[in-house]
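See below for the structure under consideration.
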Amino acid sequence: MRKIFSKIIVSITLIFILTACGIAPRVMAEQRMFLDLSLEFLGEYQIPKQTFQNTTVGGLSGITYDRKRNRFYAVSDDRSQLAPARFYTLNLNLNRSEKNKVSLDRIEIEKVTFLKNERGETYSPGTVDCEGIALSARGTLFISSEGAIDLGIPPFIGEFDLNNGQLLQTLRIPQRYLPELSSDSDVKPRGIQNNLGFEALMIAQNSIMKDDPFRLFTATESALVQDSPPETPQESAKIRLMHYVINPIGEPVLVAENLYLLDAAPSDALSSGLSELTALEKEGYSLSLERTFGLSGFGAKIFQVVNANATDTSLILSFQGDQQKIVPLKKKLLLDLSELGIELDNLEGMTLGTKLPDGSQTLWLVSDDNFKDGQVTQFLLFRLLGT
């Protein structure tokens, strides 16, 4: 009996030692890597179909918050076909009850601003496809365009004047992102895929001073042509995320590039991609929004993302083949929006907003209705806890 009891004690001790020295430290390290965040859903608001100053309101694919003015700017992905390329100034009003409950009260469209190219002209139809928008501390807007690859129009990221929409400068885009239009069969195809360009855009800044440098991040919606293995749709897309430093003097500088792994799409999905990035206050941390569309409708997930010694991929020509040595950005699921119990639309924009009286941060999402009668412009409001 004593021998049996002794064996049990030894077995339990060995299990404890192996667990403590093996799996547990790795799990604890993984947990410490991420912030203790959670999201509380506060409500939904839908903008009715309407026109504003002779423009069709819709296609809102990106949104950013102006803390000084307590206003939001939302860019439309209208390719200057229904009206010139533009962004809207929005007033999103909250309703605060006596029981400290917060909900969306109403959304007011206050202004529309047309974007102008380097010649001071609005963009011609079909020449621009604006998807991302981010406000800088110097009071300008950075806006990304997917271009129109099938028409030979390249993507771009530009800095625009907040008040009149005038283009101030464009960022230098590496050649690996620009489509290779050569008909030479010996030239390997490269660049962003059509309608899968610079969808996500965010600015991270440690200071609110307008003359201080700040960082801009952008990512393609899906993999580049040279990074997309043929006939393997079940594989998670390998997305490149670029990191620029914007200085008050001189051109913006691309300082790094990292690998972002898109979640595998559901079996019934017709499309999936990275829609948005939003920087958190703590340096090195952000949120990402992944969106899917399939036979059962739209889906979306929000992840916490951290750059934990991720590999700089700027010198890697292609992600095809054995890439086990590449360390991707780490991400952790924060919320699967299908669990909200509401019908989701085509969610593409995401931004942090005003802080609530209890000190928590608001998080806003907006959908792109594709200017279709069967879709809506949907705003979702969350309380972000743990920042």
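The values are calculated or read from the model by the stated rules, or taken from the named source; none is laboratory data. Please read all numbers here as calculations on a predicted model, not as lab measurements. When we count neighbours, we look across all protein chains shown, and the Cβ atoms used for this are built from the backbone with ideal geometry, even at glycine.
Quick one: which residue in Glu348, Glu339 is touching a residue at least 12 places away in the same chain (Cβ under 8 Å) and of a type in the set (Asp, Glu)?
That would be Glu348, the only listed residue that is touching a residue at least 12 places away in the same chain (Cβ under 8 Å) and of a type in the set (Asp, Glu).
Quick check on region 274-283. Is at least one of its residues touching a residue at least 40 places away in the same chain (Cβ under 8 Å) and either among the aromatic types (Phe, Trp, Tyr) or in contact with a helix residue (DSSP H, G or I) (Cβ under 8 Å, 6 or more places away or on another chain) (or both)?
Checked against the condition, which is being touching a residue at least 40 places away in the same chain (Cβ under 8 Å) and either among the aromatic types (Phe, Trp, Tyr) or in contact with a helix residue (DSSP H, G or I) (Cβ under 8 Å, 6 or more places away or on another chain) (or both), region 274-283 yields no hits at all.
With the requirement that a residue be exposed (fewer than 15 other Cβ atoms within 10 Å of the Cβ) and in contact with an Asp or Glu (Cβ under 9 Å, 6 or more places away or on another chain), what does region 272-304 give you?
Hits for region 272-304 are Leu295, Ser296, Gly297.
If you scan region 48-64, which residues turn out to be out of contact with any Pro (no Cβ under 9 Å at 6 or more places or on another chain), surrounded by fewer than 20 Cβ atoms within 10 Å (Cβ to Cβ) and not in a loop (DSSP other than H, G, I, E, B)?
Thr51, Phe52, Thr56
Any residue at all in region 318-336 that's assigned by TED's automatic domain parsing to the domain that holds Ile203, of a type outside the set (A, V, I, L, M, F, W, C), modelled with pLDDT under 95 and touching a strand residue (DSSP E or B) at 6+ places or on another chain (Cβ under 6 Å)?
No; the residues of region 318-336 include none that is assigned by TED's automatic domain parsing to the domain that holds Ile203, of a type outside the set (A, V, I, L, M, F, W, C), modelled with pLDDT under 95 and touching a strand residue (DSSP E or B) at 6+ places or on another chain (Cβ under 6 Å).
How do the strands (runs of 3 or more DSSP E) wholly within region 305-387 filter down when requiring 1 or more residues that are crowded, with 17+ Cβ neighbours inside 10 Å, touching a Gly at 6+ places or on another chain (Cβ under 9 Å) and charged (D, E, K, R): which remain?
Counting at least 1 such residues, we get 347-355.
Could you pull out the residue among Glu231, Glu251, Glu180 that is at pLDDT 90 or above, assigned to a loop (DSSP other than H, G, I, E, B) and surrounded by fewer than 22 Cβ atoms within 10 Å (Cβ to Cβ)?
It is Glu251.
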